[in-house]
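Report on the following structure.
No lab work stands behind these numbers, since they all come straight from the coordinates. This is a predicted model, so every value here is computed, not measured. Methodologically, a virtual Cβ is constructed for each residue, glycine included, from the backbone with ideal geometry; neighbour enumeration extends over all protein chains shown.
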Amino acid sequence: MKRVTGPGSAAYDNGANELLLTGTLRPYNPNDLNEIIAVLEHGIASAPGTFYVNVKRLVHINTTAYRTLAGRILFACQSKPDLRVVIVTSSVVAWSTKLFSHLVGLHENISLKVYDSAFYPGQTFVENESFIPILRTQTKMTWRHEQPILARHGLVPGLAVADICCGIGDFAVLLKKEFRPSRLVALDHSAASLAYARRVVSEIGVQGIEYTYGDASQMLLEDNSFDFVTCRHSLQIFDRPEVLLKELFRICKPGGRVYITNEKNSHCVGEPRSESIQWTYTEVAKLFAFFDMDVEMGPKGIRLLANAGFDQIQMESFMVTNHEGDPQDFADVISAWENVYAGEMAVKRGDTPEFIDRFRKGFQDHIFAALHPSGYAGWPIWAASGRKPL
């Protein structure tokens, strides 16, 4: 790994053949970029075939820097006919896609890839706007458990807090009201969810939440910025959770904590009609695995946090049930799961009508259990947190 640090930084990853540009590049003249150009040329010389220039976390680049970099990349392609250069941008930083697309037209060996969480294969399902009311209900159901857990895991008033993959922002509102953080950033990649979140906080008069559009795998948030970082029900829908954990680790202050929640869907329970319910939720886990998501991740939290470099890891689990609050809330959540899992995901996988009918029946039986006067329905969740070492 060859690296230059500063307001604008460059690092070359030999294994990935990738130059990562981050921060702000505002040189007065091309010579101010000599160290970064040296890293660029090292990468070009080292790359065996395809050379990636990653600008997903480049906050700003002025004309001098752009022309200098573009000139060196263009010269490299002209000098090495076998070299392919891929500029990797993100829709989160829309200007960079527009700017670097001009470079693509200058040489046939230069291409541009707009990266929008390619390792997030379930995004189209979970960002469905029809799911928004159910997300609010789910948060209401889990908060009574999570509020005391968060306190036990070190969340106290006055901390700088980030809620990553915040969705519709309802959890951030609860954090703001109950824990009064000194700063609260809520980041998500769904523009629709963030628009909803901003509208809700405006209507209810909650201030001080920085709702931010961003890619959780390449956040523009500074290193070591937050005392407490939350990321709920999100690692399980990334096919490379270690990438997201690396970013959570990066933005957390030394001595701060990262808090995650995940599920184990095959352990959803219901009585009566338990066999049908058990079969369906076992199939839910298989369905998500088909789309490279792991909704069995819950108990793996300790290992995931340890592998990411955290220490002093804590884990707790809890069961959300139909005996807490209104059973109809539980039934409504299950109905939404049925619509998305059986009505969209199973159809997209190409399942047969016979399979989908049986799949739906398990959800319907879970609803029956939730609403039955003497029934029981449960949804298990694991909460874990780890400290970033000092």
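Could you work out which residue, out of ALA197, ALA172, ALA11, moves most in a Gaussian network model of the chain, that is, has the largest mean-square fluctuation with Cα springs under 10 Å? Greatest mean-square fluctuation among the candidates belongs to ALA11. Taking the inverse of the mean reciprocal distance over all distinct Cα pairs, the Kirkwood hydrodynamic radius of the chain comes to 22.8 Å.
Would you please name the chymotrypsin sites (Phe, Trp or Tyr not before Pro) within the range 34-85 that are DSSP coil residues with at most 11 other C-beta atoms within 10 Å of their C-beta? Let's see the in-between values first.
Values: sites: PHE51, TYR52, TYR66, PHE75; in loops: none.
Within the range 34-85, no chymotrypsin sites (Phe, Trp or Tyr not before Pro) qualify (loop, at most 11 other Cβ atoms within 10 Å).
Compare the Cα positions of ASN322, CYS268, PHE288 along the charge dipole of the range 224-336 (+1 at Cβ of Lys, Arg; -1 at Cβ of Asp, Glu; about the Cα centre) and return the one farthest towards the positive end. The listed residue farthest towards the positive side: PHE288. The region of the chain that goes longest without hitting one of the GluC sites (Glu not before Pro) in a DSSP loop, each with at most 16 other Cβ atoms within 10 Å, is 109-221. Annotation: for a label point projected 7 angstrom from Cα along Cα→Cβ of ALA160, residues of the range 209-227 with backbone N closer than 15 Å are 210, 220-227.
Comparing PHE249, HIS366, PHE75 along the charge dipole axis of the chain, the residue lying farthest to the positive side is PHE75, per the Cβ-charge model.
When the Gaussian network model of the chain links Cα atoms closer than 10 Å, the mean-square fluctuations of PRO30, PRO254, PRO272 top out at PRO30. Springs between Cα atoms under 10 Å define the GNM used for the chain, and in it the highest mean-square fluctuation of SER266, SER217, SER46 occurs at SER46. Antiparallel beta bridges, as assigned by DSSP with both residues in the chain, represent about 45 percent of the total such bridges.
Between GLN312 and ARG144, residue separation times 0.36 nm minus the direct Cα-Cα distance comes to 58.0 nm.
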